[in-house]
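Just below is one structure, and these are the notes that go with it.
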Amino acid sequence: MAFRTFALTLLFGVAALAAGPVSAQESYPSKPIKLVVPFTAGGFTDNTARLVAQGISDRWKISVVVDNKPGGGGNVAGGFVANSPADGYTLFLATTGTHAINPAIYDKVGYNPFTDHVPVIALIKTPNLLSVANEVPAHTLQELVALAKAKPGALNLGSPGNGTTGHFSGALFNTVAGIKLTHVPYRGTPQVLADMLSGAIQVTFDNVTTWAPQAKAGKVRAIAVTSLKRSPLLPEVPTIAESGYPGFEATSWLGITAPKGTPAEIIDKLNKAIQEVLESEEFKSKIVGAEVIGGSPQAFTAFIDDERQKWAKVAKEVGLKVD
């Protein structure tokens with residue numbers, strides 16, 4: 001009798017152990033989720049993250065907290081997530097910079113975004129806007145180029161950070177236009193705007209959805225957009241491509257990734273929930289001017305790979321490296 005009791009206890013114990021991981025995945029999520037953002041609060045990346053976090057929270061009735069960790073062009077936050085538990089409770093707001101540009105320009109990223117992160121879903125993409133401070137005596141791209149050529153290096157170009165598409169847009173334009181705008185990296189868009197208004201910097205390439213309102217309010221002057229088509233936010237503002245530099249294009253994108261090893265069932269749950277957020281009218285109404293992407297984790301993986309190859313080629317052509 002004692003042996004049979006022991007055997008049954010052992011059998012139930014093994015069964016419970018076998019069912020444990022499945023039960024944990026089935027009950028996901030059961031505690032707050034952290035969404036790590038690689039830039040300071042207040043910019044386009046942060047605002048998008050908060051919309052997604054709120055959308056998930058509304059659907060799952062669980063807290064989704066946005067955690068801003070700026071630094072290293074996104075490498076600090078990316079490394080933090082790569083070393084976090086792979087349980088679905090720490091997510092990353094991936095950007096063009098963190099997952100396509102940084103590996104091509106930094107000698108030491110601190111983590112491998114292609115193997116240490118698992119793609120969940122692509123969110124949106126949007127062009128950058130080339131803006132100048134109101135004190136700059138240039139109202140067209142041609143006038144800005146002429147001014148930059150007359151005073152090489154005198155115009156400071158602020159970006160949200162090294163490795164961002166704002167940084168790359170400026171570097172690429174320096175090359176194609178044969179000018180020298182001096183790059184000044186910041187830790188996020190709010191700091192760029194503050195120094196544009198104070199006169200510390202004169203030029204910026206940054207997200208059109210963030211800077212269009214500033215241009216409309218007369219705080220800065222919009223010169224051109226970096227997409228091949230004009231932005232519906234500023235239809236009167238020409239593209240760089242139509243302003244004398246055919247084919248010029250530099251767009252930003254955002255997506256969600258998780259630490260490697262995160263169970264496929266959790267990735268799938270996250271993907272489906274975030275897809276619902278992206279398709280909601282509430283989300284779309286707040287990111288006017290950006291294009292919703294969405295899709296499967298596999299589609300996002302392929303998208304990242306294409307972007308990695310594209311920007312690595314640009315980095316090589318421009319000769320861009322960050323120590």
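Structure summary
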item	result
J(HN,Hα) series, region 61-68, from Karplus relation 6.51 cos²θ - 1.76 cosθ + 1.60, nearest Hz, glycine and proline x	6, 9, 6, 10, 9, 8, 10, 7
Choice from S27, S296, S252 showing the highest fluctuation, given a GNM over the chain with Cα pairs closer than 10 Å	S27
Positive-end residue of P297, V184, L254, charge dipole of region 182-323 with Cβ unit charges	V184
Derived scalar couplings ³J(HN,Hα) [region 39-54; Karplus, 6.51 cos²θ - 1.76 cosθ + 1.60; whole Hz; x for Gly, Pro]	9, 5, 5, x, x, 4, 4, 5, 4, 5, 4, 5, 5, 5, 4, 5
Fraction of the pair-distance distribution of region 189-323 above 18 Å, Cα-Cα pairs, percent	68
Sorted by Cβ neighbour density within 10 Å, fewest at the top, the residues W253, W211	W253, W211
Theoretical ellipticity at 222 nm over the chain - DSSP helices of four or more residues, -39500 (n - 2.57) apiece, nearest 500	-13500 deg cm²/dmol
Long-range HN-HN contacts of S63 with modeled amide H, under 5 Å	I33
Gyration tensor (Cα) of region 231-302, equivalent ellipsoid semi-axes in angstrom	32, 17, 8
Amide hydrogen neighbours beyond the local backbone of N207, cut-off 5 Å, H modeled	L129
Interchain or long-range residues, amide H under 5 Å from N68's placed H	V37
In degrees, nearest ten, helix 297-318 long axis to first principal axis of the chain (Cα)	30
Residue exposure sequence - S243, S159, S285 - by fewest surrounding Cβ within 10 Å	S285, S243, S159
Unit charges on C-beta of K, R, D, E only; dipole of region 127-243, Debye	60
Calculated from backbone phi, Karplus (6.51, -1.76, 1.60) coupling profile of region 98-105 in Hz, x at Gly/Pro	5, 10, 9, 9, 3, x, 8, 10
FRET efficiency estimate (nearest 0.05) - Cβ-Cβ, D306 to D58, R0 56 angstrom	0.95
Under-23-angstrom lysine pairs by C-alpha in region 58-213, whenever the two are 8 or more apart or on separate chains	4
On Cα atoms only, tilt of 141-150 relative to the major axis of the chain in degrees	70
Over the chain: Kirkwood hydrodynamic radius from C-alpha pairwise inverse distances, Å	20.8
For region 127-243, the spread of Cα positions along each principal axis, largest first, Å	33, 29, 27
Footprinting exposure proxy for V314, V118 (fewest neighbouring C-beta atoms within 10 Å first)	V314, V118
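All of the numbers you see were taken from the coordinates with simple rules; none came from a lab. These numbers were taken from a predicted model, which means no experiment stands behind them. Reconstructed Cβ throughout: ideal geometry from the backbone, glycine too, with neighbour counts over all protein chains shown.
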